[in-house]
1. Modelled label-to-label distance, LEU72 and THR175, 7 Å Cα→beta-carbon offset: nm?
2. Run through the DSSP bridge list for the chain and note the antiparallel percent, rounded to the nearest 5.
3. From the phi of every residue in region 49-64, what ³J(HN,Hα) in whole Hz does the Karplus formula 6.51 cos²θ - 1.76 cosθ + 1.60 yield, where θ is phi - 60° and glycine or proline is x?
4. Taking the Cα centre as origin and putting +1 on Lys and Arg beta-carbons and -1 on Asp and Glu beta-carbons, what dipole magnitude results for the chain, to the nearest 20 debye?
5. Can you put ILE279, ILE53 in order of Cβ neighbours within 10 angstrom, beginning with the fewest?
6. Only counting other Cβ atoms within 10 Å, I'd like SER49, SER36 sorted with the fewest neighbours first.
7. Per DSSP H run of n ≥ 4, the term is -39500 (n - 2.57); total these for the chain, divide by its residue number, and report the mean residue ellipticity at 222 nm rounded to 500 deg cm²/dmol.
8. Given contacts defined as C-alpha pairs under 8 Å and at least six residues apart, what's the relative contact order of region 30-210, whole-number percent?
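None of the figures in this text is laboratory data; all of them are computed from the coordinates on show. Just so we're clear, the structure is a prediction, and the values are computed from it rather than from any experiment. Because the Cβ atoms are built from the backbone with ideal geometry, glycine has one as well, and the counts that use them run over all protein chains shown.
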Amino acid sequence: MLNNITLKNLKIGAKFNLFLILVFIVSILGSGVALSSVLQRRAQNEVASQAQILIQMVNAVRNYTQNRIIPLLEPQVDTNPTFIAEVVPTFSSKEVFENFRKKPEYRNFFHKDATLNPTNLADKADSFETQLVERFRNEPNTLEITGFRTLSEGEVFYIAQPLKITQQQCLQCHTTPDQAPKSQLATYGSENGFGWQLNQIVSAQIVSVPSQDIFANAHRTWILIMGLLIAIFAIVVLLINFLINKYVIQRIRRIEKIAQKVSIGDVGADFEESSNDEIGGLAEAFNRMKASLKIAMEMLNNQG
């Protein structure tokens, strides 16, 4: 009830402005939520696209090593006094990725073949990576896991894919120490990287892409667009207020003042309106009413 009384006491301009503000608030909130969702989704797609490109690059290096490098170097593995690490696809992909990371803009991109029982302990999976490997083992149909992870360098988006032993020749170095090349044992020892089995998932290949800058850019874009929307709305409100005040409210006020004069007997006052719009029609109706009132008053005076 109080709200109805308050609204009734408001001027037309105030009511109109109140309506515009309500529309503005609803529109800005709706637009802000929708725009934020679109920009966040776009940012996530961007980091996911970068990660997909990198993991495909890593897989290309692994396949090249598997198909072209290993056949050339494998005969030398048993006879060479030092272990030829280039026959290991993980080593090749790691070296290529580290060269990629030498550029400052890519220093926070990461790649790792996180392994539960690696020959090289640098590939040892941490607790988070171990969970990924275990999940791939428990969910054979899961071929990719993606998500966000916080590292010391900041938040990253990661893509993880399972690495399965699919070729018998891979087990030469990983079945038992007595079957492994002596150069491998001399380099890495006989304690780690053994007991692997064919078709077993032993690692999770993980590529991580920094996401903070991309999402920060999306947030800055959101602020810029919302600022522009607010500025445009403010200009529109000022323009509408100017037009409403000039072409509606001021004309109605003139008619109101003249109507007050006529109401106290000043029948000489004229509702001057040259426009043919609704307010002009209202003024013309008041002029006719004033003329009728004047005739009626003259008739009463003549009868008196």
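1. Placing both labels 7 Å along Cα→Cβ, they lie 2.8 nm apart.
2. Here the share of antiparallel DSSP bridges comes out near 95 percent.
3. With coefficients 6.51, -1.76 and 1.60, one gets 5, 4, 5, 5, 4, 5, 6, 5, 4, 4, 5, 5, 5, 4, 5, 5 Hz.
4. It works out to roughly 1220 debye.
5. Least to most surrounded, the residues fall as ILE53, ILE279.
6. Ordered from fewest to most neighbouring Cβ atoms within 10 Å, SER49, SER36 come out as SER49, SER36.
7. About -19500 deg cm²/dmol.
8. 27 percent
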